[in-house]
Structures are given as structure tokens and as C-alpha cells.
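**Q** Take a look at the following structure, please.
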Amino acid sequence: MPASPDWFEPARFGLFVHFGLYSLAARHEWVRSREAIPDAEYDRYLERFDPDQFDAPALAKAARAAGMRYAVLTAKHHDGFCLFGSKLTDYHSVRVTGRDLVAEFADAMRAEGIRVGLYYSLLDWHHPDFEIDRYHPLHADTAALGKPRDMARYREFLRGQVTELLTEYGDIDLLFFDFTYPAKGPEDWGAEELLALVRELRPGILVNDRLGIPGDYVTPEQYQPDRPLERDGVPVRWEACHTLNGSWGYDRDNHEYKDPALLVRMLVQSVSCGGNLLLNVGPTGRGALDPRARETLAAIAGWMHLHERSVHNAGPAKCTPPSNVLYTQAGDRLYVHLLSWPLKHLHLPGLAGRVRYAQLLHDGSEVRFHQLDGENHEHNNLAPPSQDAGTLTLTLPIIAPDVLLPVLELFLEADA
Ligand code: GLC
């Protein structure tokens, strides 16, 4: 599959995987910074790193079943530990376990037809030339602060590692750089040159916006846009990234898991606003998905199995939904997602005369409808007409279908 940005929006749904030494600490991927852990102490995770349960083919199957069409793995996170056999450092998984997890991941995803993305941290708390700032675990270590550091050398290292990732792991479709903040920005990363290098090595690859210069898409993090995103009035490609429980890396004692129904609503809301959703899992210290993550993906898979038509290849609708409804559209199909189940009738303004057929998507059962003409059709003739002319009224069963988010599929007239 050659890199081409055209796959991204039809894909709509991706899997983010945060895995590294911090997964053993099991208390957030920023643990090294938050607890200001010195190198030697952090090494206790290196010494015990044994991802015997990291099963990339199983992960790829779970992602595929959940309807995810691309996946992004942390090739290196802020702690500097690499999941690939870099020749530019010995701080990597191949040296300690003999396993190149980036290669395993890329092969497994491709085998399932899933596009391969890599996350690469611009920060590096292990590299001796990465300048200490307030996020750095050694920010209060006077001995460390006294040593000279050379960001120009660090920039060479960045270029070298990015070259390794883009030349030794087959077709990489997406790069997720992370991140730019007040203390460090594009000049520190050599962002322009780095981006040019990426484009030279992999024309057509998609690069996010966290180098601090515009990339190919923007990455709202842990918040859900409720309208299409624009820059200077021009629509931009976007992807919301979300955690299952507020932490990207495995966080054993954090049980704030989002409900699968909420996650499905977030996915559909993204699609309805022209965006994607990148949903994260943080495998355990041994590399396995914990039961909550597995159950969540399985629940989403159940919904996607019956409803993927309203997500893949779909985008924002041309018409505006009433409250408690999210629309997505793919060609002449309008998908009506019901955030709350109404009593018997669903009124859709402006759709009268524009719909040929309607069905519930999960079971393909016909939904009958009629169009109101503004006259009074209520049983109580004294009551004023409750719907405007042009409203399409569908008749729904009393009992909502037993799915995470009910969807109606409306077949629109060709010219609608
Ligand atoms: C933030 C965090 C990081 C996480 C990333 C995911 O930038 O620093 O830990 O990997 O978001 O988007």
C-alpha cells in the first residue's frame, strides 16, 4: 500500500497504543517526570522489561474487529525508550528482549489490512543532549544541570531515528510527532528540515501538527470538537485522540473508564463533524490488553459490526439534524443516530419528499414514514399542528434496539 493521504478520512477510526517502560510503573506514562526519577532508578523498569504478552497479531485482530482502519504505536515516548532496534542508542527493546516491537506491530497491522502509524516523541528524557526544562525528570538535579547539552547534536539524533523508522519498517502511512510546548518549539526540533526529510523519504505520508509547524492534520487531545474544524475559514483535516481512562500509558489504579456507548457517540460525533477518532489502549507491563480495554474494544466491535456503514467512508451530512440526533452521510445514504430514543415518532425537519426508503441499520428492518404538510394531523383537532411543513416523520417501535447507539439508514432521492 503506497502512502497516500486519501485513506485517512474514509478510515475514520484508529487505534493508538502507548507501551513502554512506564507501563511497568503502571501509574501514567509521565511517571518519570512527575516523580523526578533519576536514570539509575528508572532503570529498574528496563531491567524487568519483559513484554511476553505483547501479541501484535492479537492486537491487530481486535483493532480490525472494532472497525479500526489504522493504528499508531509509540515507537519512542518521552522517556526515550525505543520499541525498535535503533543504531543510534542502546536504549531499546531489541537490546533488552531481542524483540523489535515496531517491526512486530507493523507486520501484524499490515497483515490485517490496517494502515501503520508511528508515534515519535520529540522530547527525550534519556538523551544526554536533550536540554533540561521543567518537564525533565532531572530539572532539580544540580549536577545534571551543570553538564553541557547540545541540542544541535540532539537534532541530528532525531533525524537519524526518523530515518530509521521510515526506511527499515516498510510502508509507514502516518507519523505522530509529540509535542511542542512553551520551552521547546520548531527551532529545537529543526522542524522544517525534519518535515522535509520525512516527505522526501515517504512522499504521501501523513504528519500531524505537533512539530509546531502546520502538518497534514490537527490533533485535538482529550476533548471532543462539536463542529468541523477550520483554520482561517478553511476546513482542516482533524483527528481527536482519546484515552479509555484519562491515562495513555497503563494506569493500574485508575478506573475512570469511558463507557463504550460514550466512545461510540464520540466516534460518530467526530465523523459528523468531518473528523477521525484515534482511541488509545495502554497495554499492561507485560504487554497485554487489560480486561477493561479488551471488553471495551469488543463492545465497540459489536456495534461496528452492524453499523460501520455510518462511519467508514461517511462524513458530515448536508442537512442539519434536530436535537439529540447526529447525522452522518455517505453518498445518498443519510445516517440518523439517535442519542435518545423518542416516543414512537421521530420528526426530521426539511426531509419531507427527500427520502425513498428508511430502515433501522442494525437489522435492516423497514421504518415507515410520512410527510407532514403543515395541516393538523393530531387526534385532538383543537391542538395546533406540532410540526412544520417539510418535516419527515418516522414511526419507530416503542422499544429501542439493544445496541450502543441506534441508527436509521435513510436512502435519499437522487437529487436530495
Ligand atoms: C500528550 C502527552 C503524552 C501522550 C500524548 C498523546 O502530548 O504528553 O504522554 O502520549 O499526549 O497525544
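**Q** All other residues with a Cβ under 12 Å from the Cβ of Arg294 taken together, and with Lys, Arg as +1 and Asp, Glu as -1, what is their net charge?
**A** Its environment carries a net charge of -1.
**Q** Also, I was wondering about something else. Got a sec to turn the phi values of the range 133-145 into Karplus ³J(HN,Hα) couplings, 6.51 cos²θ - 1.76 cosθ + 1.60 with θ = phi - 60°, whole Hz, x for Gly and Pro?
**A** 10, 6, 7, 5, x, 9, 5, 10, 8, 5, 4, 5, 5
**Q** Then there is this: Using bins 10 angstrom wide from zero, how does P(r) for the chain break down, in % of all Cα pairs?
**A** With a bin width of 10 Å, the distribution comes to 4, 21, 28, 22, 12, 8, 4, 1, 0.
**Q** Check Cys82: other-chain or 5+ apart residues with amide H under 5 Å from its amide H, H built from backbone geometry?
**A** Correct list: His92, Ser93.
**Q** Per residue, what volume in Å³ does the convex hull of the Cα atoms of the range 1-74 enclose?
**A** Spelled out: Cα convex hull of the range 1-74, divided by residues, is 141 Å³.
**Q** Let me ask something else. Taking loop as defined by DSSP and a crowding limit of 12 other beta carbons within 10 Å, which chymotrypsin sites (Phe, Trp or Tyr not before Pro) in the range 24-54 fit?
**A** none
**Q** Would you compute, from DSSP H runs of 4+ residues alone, the mean residue ellipticity of the chain at 222 nm, taking -39500 (n - 2.57) per run and dividing by the full residue count, rounded to the nearest 500?
**A** Result for the chain: -7500 deg cm²/dmol, rounded to the nearest 500.
**Q** List the GluC sites (Glu not before Pro) in the range 208-312 that DSSP assigns to loop (not H, G, I, E or B) and whose Cβ has at most 12 other Cβ atoms within 10 Å. Which are they?
**A** Glu256
**Q** Here is a follow-up. Only sites in a loop by DSSP and with at most 11 other Cβ atoms within 10 Å count here; which chymotrypsin sites (Phe, Trp or Tyr not before Pro) in the range 161-253 make the cut?
**A** Tyr223
**Q** Using the Cα centre of the chain as the reference point, and only Cβ charges (+1 on K/R, -1 on D/E), how large is the resulting charge dipole? Debye, rounded to the nearest 20.
**A** The calculation lands at about 420 debye.
**Q** Also, quick follow-up: What part of the accessible area of the range 5-310, given as a whole %, is carbon or sulfur when the probe is 1.4 angstrom?
**A** Result for the range 5-310: 49 percent of the exposed heavy-atom area is carbon or sulfur.
**Q** Can I ask one more? Could you work out how far the C-alpha centroid of the range 7-47 sits from that of the range 50-90, in angstrom?
**A** Here the answer is 11 Å between Cα centres.
**Q** Here's something else I'd like to know. If you count only protein heavy atoms with a 1.4 Å probe, what accessible area per residue comes out for the chain, rounded to a whole Å²?
**A** With the other protein chains kept in place, the chain gives 43 Å² per residue.
**Q** Check the chain and count each lysine pair with an alpha-carbon distance under 29 angstrom, considering only pairs eight or more places apart or from different chains.
**A** The number of close lysine pairs in the chain is 10.
**Q** Ok, one more. Below 8 Å between Cα atoms, with a sequence gap of 6+, how large is the relative contact order for the chain in percent?
**A** Value for the chain: 17 percent.
**Q** To the nearest Å, what is the center-to-center distance of the range 264-328 and the range 107-126, using C-alpha atoms only?
**A** When both Cα centres are located, 20 Å separates them.
**Q** Using the Karplus curve 6.51 cos²θ - 1.76 cosθ + 1.60 with θ = phi - 60°, what ³J(HN,Hα) values do you get for each residue of the range 119-128, in whole Hz, with x for Gly and Pro?
**A** Per residue, the Karplus-derived 3J(HN,Hα) values read 8, 9, 6, 6, 6, 8, 7, 9, 6, x Hz.
**Q** A follow-up question, please. Compute the longest continuous run of the chain that contains no exposed trypsin sites (Lys or Arg not before Pro); treat a site as exposed when its DSSP state is not H, G, I, E or B and it has at most 12 other Cβ atoms within 10 Å.
**A** The longest uninterrupted stretch comes out as 135-317.
**Q** Over the Cα atoms of the range 119-226, compute the convex hull volume and normalise it per residue, giving Å³.
**A** Taking the convex hull of the Cα positions in the range 119-226, it is 119 Å³ per residue.
The values are calculated or read from the model by the stated rules, or taken from the named source; none is laboratory data. In this text, all values refer to a predicted model and were calculated from it rather than measured experimentally. A quick note on method: Cβ atoms are made from the backbone with ideal geometry, for glycine too, and the neighbour counts reach across all protein chains shown. All accessible areas refer to the heavy atoms of the entire protein, side chains included, with ligands and DNA or RNA removed. Shrake-Rupley method; radii C 1.70, N 1.55, O 1.52, S 1.80 Å.
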